[in-house]
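*Asks:* Supplied in C-alpha cells, the structure appears directly below.
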C-alpha cells in the first residue's frame with residue numbers, strides 16, 4: 001500500500017518550506033516578465049497554477065505505466081499539453097493580455113518548478129497528494145509574484161490593476177517597471193523572509209519510490 005505525506009505537511013512545504021522563489025529562487029523568468037502589472041501577474045499565475053496542478057496529477061496517474069527511461073519526455077509532453085490548452089483559452093477570451101504576455105505563456109513549458117515537482121514528488125506519490133502538492137506549490141509561487149507585482153506596479157505606475165492609487169504629484173520610479181526592479185524587489189522579499197523567519201534551510205519534501 002502506498003504511503004504519502006500528510007496533507008498539512010504538503011501544504012506547508014508548498015507555501016513556505018519549499019517555496020520556489022523564497023527558498024530556491026526558481027522561476028526567475030516569470031518574475032522578470034510579468035510582475036510589472038498586477039493583471040499580467042494574475043493571468044500568468046492562473047496558467048502556472050493550472051498547469052502545475054494538472055501536470056502533477058497526470059504524471060502521478062501515469063507513473064506506473066511510464067517507462068523510467070522516457071519519463072522526462074513524457075512529463076514535458078504532459079506539461080506542454082496543458083500549457084497549449086491555457087494559451088488557446090486566453091487568446092480566445094483575453095487577447096490583449098495574451099499579446100502583452102507574448103511568448104512567456106509558452107515558456108511555462110520550460111518552467112523548472114513544474115518539472116521539478118513532477119520529478120521530485122508526483123512520480124512517486126498517489127494522484128491526490130500530487131495534485132495537492134501542485135496546488136500548494138503553485139499558490140506559494142503565485143503569492144510571491146503578487147507581492148512583487150504589487151510593489152512594482154504601485155511604485156512604477158502609481159496604480160494597481162490599472163486603477164490610479166497614488167496622488168497626481170507622485171513621481172513614478174521608472175526603474176521598478178524595468179528588469180532590475182524585479183530583481184531588487186525579489187531580493188528584498190527573500191532577505192526579509194530569511195532574516196525574520198530565522199531559518200535559512202529547507203526541508204526537502206519527497207515521497208516513497210513506487
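The values are calculated or read from the model by the stated rules, or taken from the named source; none is laboratory data. Just so it is clear, the model here is predicted, and its values are computed rather than measured. Because the Cβ atoms are built from the backbone with ideal geometry, glycine has one as well, and the counts that use them run over all protein chains shown.
*Asks:* For the structure I just gave you, tell me whether residue 207 is surrounded by 21 or more Cβ atoms within 10 Å (Cβ to Cβ), within 21 Å of residue 22 (Cα to Cα) and at pLDDT below 95.
*Replies:* No; evaluated as a whole, the condition is false for this residue.
*Asks:* A further question on this structure: Considering only segment 117-136, I want to know if a residue exists there that is under 17 Å from the mean Cα position of the chain (by Cα), free of Cβ contacts under 8 Å to residues at least 60 places away in the same chain and closer than 21 Å to residue 6 by Cα.
*Replies:* yes
*Asks:* Just wondering, is there one or more residues in segment 141-157 that are outside any helix (DSSP H, G or I) and under 15 Å from residue 34 (Cα atoms)?
*Replies:* No, segment 141-157 contains no residue that is outside any helix (DSSP H, G or I) and under 15 Å from residue 34 (Cα atoms).
*Asks:* Looking only at segment 103-115, decide whether some residue is in contact (Cβ under 8 Å) with a residue 60 or more places away in the chain, surrounded by 12 or more Cβ atoms within 10 Å (Cβ to Cβ) and in a loop (DSSP other than H, G, I, E, B).
*Replies:* yes
*Asks:* Filter segment 137-166 for residues that are out of contact with any strand residue (DSSP E or B) (no Cβ under 9 Å at 6 or more places or on another chain) and without any contact (Cβ under 8 Å) to a residue 12 or more places away in the chain; which is surrounded by the most Cβ atoms within 10 Å (Cβ to Cβ)?
*Replies:* 159
*Asks:* So residue 107 fits all but one of (1) farther than 23 Å from residue 20 by Cα; (2) modelled with pLDDT under 95; (3) touching a helix residue (DSSP H, G or I) at 6+ places or on another chain (Cβ under 8 Å); what number is the exception?
*Replies:* (1)
*Asks:* Within segment 158-172, can one find any residue that is in contact with a helix residue (DSSP H, G or I) (Cβ under 9 Å, 6 or more places away or on another chain) and within 20 Å of residue 66 (Cα to Cα)?
*Replies:* No, the conditions are met nowhere in segment 158-172.
*Asks:* Please state which of the following conditions residue 92 fails to meet, knowing it meets all the rest: (1) at pLDDT 95 or above; (2) surrounded by 14 or more Cβ atoms within 10 Å (Cβ to Cβ); (3) under 30 Å from residue 163 (Cβ atoms).
*Replies:* (2)
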